[in-house]
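Each reported figure results from applying straightforward, stated rules to the coordinates on display, with no laboratory input. Bear in mind that the values here come from a model prediction, so they are computed numbers and not experimental data. All Cβ positions, glycine included, derive from the backbone under ideal geometry; neighbour counts span all protein chains shown.
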Amino acid sequence: MEEELNQSSPPRRVYKYRAFSGRVLDMLVADQLYFSDPADFNDPLDSRPNVEGDISADELEQILSHLVEQRTNAEMTTAAKSLKYRGPRTVEHIARHSRKRADRLLSEIRYNAGDPTYEMADPELFLLTLYLEEELLRRYDRGIVSFGARATCPLMWSHYGDQHRGICAGYSVPGETADRLNKIDYGGSRNVKASDVAIMDHDPAARRRVDEAVLLRKASSWRYEQEWRLIGNRGLQDCPLELEEVVFGMRCGSALKYTIFKALDDRHRPIQFYEMREQRGTFKLRKCRMDVDELEAHFPRRARSYIEAFDDLDVEEAPREGSD
């Protein structure tokens, strides 16, 4: 699916802004990425398409019934395997139960469509498209990792980089991975034609249109992110990109910088370290090479070393009790 979604060539490098956490250590030290459930995104409209009923109610019923039967059959087949139920009777039972569930849902929709409180012209069509949206989203159990196209975006640092207390990881894109990165399309509508949903399983063009509407479309106000997405199985996965650099925010603490630097110091492929600085007199940011030698001159440190430095001082030179 990832190859079909690709819209254009990705930038030479993509960036992941993060607040510091244990997951950041997974990202940097274990070279893994967390593919998130789109339902957890900060924009509730992200990956939430609107099904447009461009076909008749009878056709919508057939599509919805087919999707519900498919899902129920898959769920019950998985349960049967775990319970060690098998054989023709089990298959027949699953098929019969799946049909019954689909028929029961359609009956409920027809009954609810008669509710006089609905103000639209065709309540049944509205309910059918609503339930079709829910079934469509159940099929998209994929995870997403989002990247930006630049490391110097002030809004990205504020929104995703813990207000400059976090980091930004820069990745190059290997040739074999380029077709897995997908560019976000900003603006437009969230509509998906029900006629495309009907044929998406055997029509690649329709599948691509539905996939792009579900996974790669956002409101125009998010355009500043210049977002690219990796799509894969949910949860922690090995990173298909190549970590090349780590950029620290303007408020990132020196001890954290040192910790991340030492964690990556002997990595097989060397990492470049940078820090964000202001462009004086403007609201722009610039990426500057970090002075690693200065960090290593100060860390690690022992707080008691300062006390011990006075151990050989003459007792008479020490402050006396009650003196100023």
Residue 233/residue 269 FRET efficiency (R0 30 Å; Cβ-Cβ; nearest 0.05) = 0.75
Based on Cβ point charges of +1 for Lys and Arg and -1 for Asp and Glu, what charge dipole magnitude is obtained for the chain about its Cα centre, in debye rounded to the nearest 20?
-> 620 debye
Close Lys-Lys pairs in the range 73-226, where close means Cα under 25 Å and separation is 8 or more or interchain | 5
Rounded to the nearest whole number, the Stokes-Einstein translational diffusion coefficient of the chain at 10 °C and 1.306 mPa s (Kirkwood radius, C-alpha pairs) in µm²/s is 66 µm²/s
Checked the range 183-290 with the C-alpha gyration tensor, a ≥ b ≥ c its square-rooted eigenvalues, rounded below a/c of 1.5, otherwise prolate if a/b is larger than b/c and oblate if not; verdict oblate
Most mobile of 150, 180, 99 per a Gaussian network model of the chain (Cα springs, under 10 Å)?
-> 99
Checked against the positive end of the charge dipole of the range 29-180 (+1 on Cβ of Lys and Arg, -1 on Cβ of Asp and Glu, about the Cα centre), the farthest of 164, 30, 63 is 30
Residue order, fewest to most beta carbons within 10 Å, for 222, 228 | 222, 228
Rounded to whole Hz and in sequence order, give me ³J(HN,Hα) for the range 239-245 from the Karplus expression 6.51 cos²θ - 1.76 cosθ + 1.60, θ = phi - 60°, writing x for Gly and Pro.
-> 7, x, 9, 10, 5, 10, 8
Name the residue, out of 57, 297, 194, whose mean-square fluctuation peaks in a Gaussian network model built on the chain with Cα pairs under 10 Å.
-> 297
For the range 167-213, just say rounded, prolate or oblate: build the C-alpha gyration tensor, square-root its eigenvalues into a ≥ b ≥ c, call rounded for a/c under 1.5, and beyond that prolate if a/b exceeds b/c, oblate if not.
-> oblate
Collect residues whose amide H, placed 1.01 Å from N in the peptide plane, falls under 5 Å from the amide H of residue 143; neighbours closer than 5 in sequence don't count.
-> 232, 233, 234
Relative contact order (percent) for the chain, with alpha-carbon contacts under 8 angstrom and 6 or more residues of separation?
-> 28 percent
Per residue, how much space in cubic angstrom lies within the convex hull of the C-alpha atoms of the range 77-211?
-> 255 Å³
Gain in length, residue 303 to residue 40, computed as 0.36 nm per residue apart minus the alpha-carbon separation, to one decimal in nm?
-> 90.5 nm
With a sphere of radius 11 Å drawn around the Cβ of residue 14, what net charge do the other residues whose Cβ falls strictly inside it have (Lys, Arg +1; Asp, Glu -1)?
-> +3
Nearest 10 degrees, 0 to 90: what angle lies between the long axis of helix 88-113 and the longest principal axis of the chain (Cα atoms)?
-> 90 degrees
Arrange the following residues from fewest to most other Cβ atoms within 10 Å of their Cβ: 310, 35.
-> 310, 35
Return a whole-number percent for the relative contact order of the range 124-234, with Cα pairs under 8 Å and 6 or more residues apart as the contact set.
-> 43 percent
Got a sec? Charge dipole of the chain, +1 on Cβ for Lys and Arg, -1 for Asp and Glu; which of 295, 95, 249 is way out at the positive end?
-> 95
Nearest-ten-degree value, helix 123-139 long axis tilted from longest Cα axis of the chain = 50 degrees
Förster radius 25 Å - calculated FRET efficiency between residue 163 and residue 292, Cβ distance, rounded to 0.05 = 0.55
Using alpha carbon centers only, the range 97-144 is separated from the range 223-237 by a whole-angstrom value of 30 Å
